[in-house]
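Asker: Before anything else, here's the structure in question.
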Amino acid sequence: MEYDDRYRQVQRPKYDCLLFDLDDTLYPLSSGLAASCGKNIQDFMVEKLGIDRSKIPALSNLLYKNYGTTMAGLRPFESSLCSVLQAIGYDFDYDEYHSFVHGRLPYENLKPDPVLRHLLLSLPIRKVIFTNADKVHAAKALSRLGLEDCFEGIICFETLNPIHKSTISDDEDDIEFVGSSISSTTASSNEIFDIVGHFSQPEPRSVLPKTPIVCKPSEDAIERALKIAKISPQRTLFFEDSTRNIQSGKHVGLHTVLVGTSHRVKGADHALESIHNIREALPELWEVDKKTELFFEDSVRNIQSGKRVGLHTVLVGTSHRVKGADYALESMHNIREALPELWEVDKKMEVSYPGKLTVETSVTA
C-alpha cells in the first residue's frame, strides 16, 4: 500500500515572535542620531516652550527618569474625572514635536544594511518593531537601512497613543497596528509643575503628576503593545538597547536580549555587542526549520529526497532502515512504539498535513 499522505510532526519552536526596538538597536549608537535627537529636544524646549536653556539639563534628566521620555513628562493631561491638568503641563502638538525632533535628524548617516537584512529575512519567526518614536521616523529609518519589508508590523507612538479618541481603548480591534494619522488637541495648562523644585526637597510632599503618554519603559505600554499585536510574552524574544526597557519587558514575562553590549545586566537573558551577532549568539532561532519536519513515506526515493531538503524521515513498510531514513516502521501502527517522544512533547507538538499548510496573516488591530 502506498502512503499518499505525508505527515509532518511539528515540534513547536521556543519563540513565536521576535520583538525589536528600532533606534540604537537595529543600527549603532555611533550613527549619531541619538545625539542629534537629544539636541533637537533641547532646542524644542527652548524655541517652542520658552524654557530657559540653563535649566534644561536638570529638567530633561528628571523627566526622562520619571516619565520614560522627555516628551511624556512635558505633556499635560486633563483628567476626565477632575479636569485637572497633570504631568509637567506644557501644551504642544504631538506631530509638531515629532516633526521638530525627528525631522532634523541626519538620516543620511543610516546606510543600507544588507547583512542585517539577510539575517532578518532568514529568520522563520514573526518579527515586529516596537518603538517609542512616531511612525514617520520609524518608516524613514527602516527605509534608510533597507529593512522596510523585514517586519510584519510596527508598534509606534501613534499605536499606543490614539489621541483622536477621548480614551485609550482596551480593545485591540479598535486600534490600528501601525498607527494612524492624528493630531492632538489638549487644553493649555495655567500652571507648570516644578519637578526640579519637587526633587530638590529633602522629603517631597506632593505627588508626582501623571502623564497621558503611553510609552516604554512603562509595563502598561509593553502589555498594551503585546495585546495589540496578539503576542504572548512567554513566547517572545525582546531586543532592546535600553536597560530600563529590558527590565520592564522581563517583568511582564518577555525573554530579553540587551543590544549594544556583551555584558548581561539584571533582566537580560542575553546580551549582544551588535545586532549583527544575533546568529552567533542565538543559533537556535535558525534551527527551527531543521528540527520541525518529520516525513513518513513508503518510497525509498521519496525518503532520500526528503532527507536532502532537511526533513527527518520515517520509512514505512519495513523495519530495515535504508540510506536517508532516520527511522523505519514495519507498519504505521508501530508509530507510538518506535517514536514515543512524539507523545512526550504533547504540549509542544502540532500535526499538519500536506495541502493544508498554515498561512501566516498580518496582524491588524
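Asker: Roughly how many Å is it from the Cα centre of segment 93-126 to that of segment 229-257, as a whole number?
Answerer: The distance from the Cα centre of segment 93-126 to that of segment 229-257 comes to 20 Å.
Asker: Leaving ligands and nucleic acids out of the surface, order TRP286, TRP343 by accessible area at 1.4 Å, largest first. Intermediate values should be presented prior to the final figure.
Answerer: Numbers: TRP286 20, TRP343 95 Å².
Greatest to least solvent exposure: TRP343, TRP286.
Asker: As a test of reading the structure, rank ARG264, ARG104, ARG308 by solvent-accessible area (1.4 Å probe, protein chains only), most first. Kindly include the intermediate steps, with their values, before the conclusion.
Answerer: Numbers: ARG264 155, ARG104 125, ARG308 180 Å².
Largest to smallest exposure gives the sequence ARG308, ARG264, ARG104.
Asker: Taking a 21 Å limit on the Cα-Cα distance, which of the listed pairs LYS135/LYS216; LYS111/LYS250; LYS127/LYS227; LYS111/LYS216 fall beyond it?
Answerer: Values: LYS135/LYS216 15 Å; LYS111/LYS250 31 Å; LYS127/LYS227 15 Å; LYS111/LYS216 26 Å.
Pairs exceeding the cut-off: LYS111/LYS250; LYS111/LYS216.
Asker: Can you sort LYS266, LYS227 by 1.4 Å-probe accessible area, starting with the largest?
Answerer: Details: LYS266 170, LYS227 95 Å².
Heavy-atom accessible area, descending, gives LYS266, LYS227.
Asker: If I take R0 = 25 Å and measure r between the Cβ atoms of ASP93 and ILE192 in this structure, what FRET efficiency does the formula 1/(1 + (r/R0)^6) give, to the nearest 0.05?
Answerer: Values: r = 18 Å, r/R0 = 0.71.
That gives a FRET efficiency of 0.90.
The values are calculated or read from the model by the stated rules, or taken from the named source; none is laboratory data. Given the structure is predicted, the values throughout are model-derived calculations rather than measurements. Here Cβ is always computed from backbone atoms with ideal geometry, including for glycine, and neighbour counts include all displayed protein chains. What goes into the accessible areas is simple: the full protein's heavy atoms, side chains included, and nothing from ligands, DNA or RNA. Shrake-Rupley method; radii C 1.70, N 1.55, O 1.52, S 1.80 Å.
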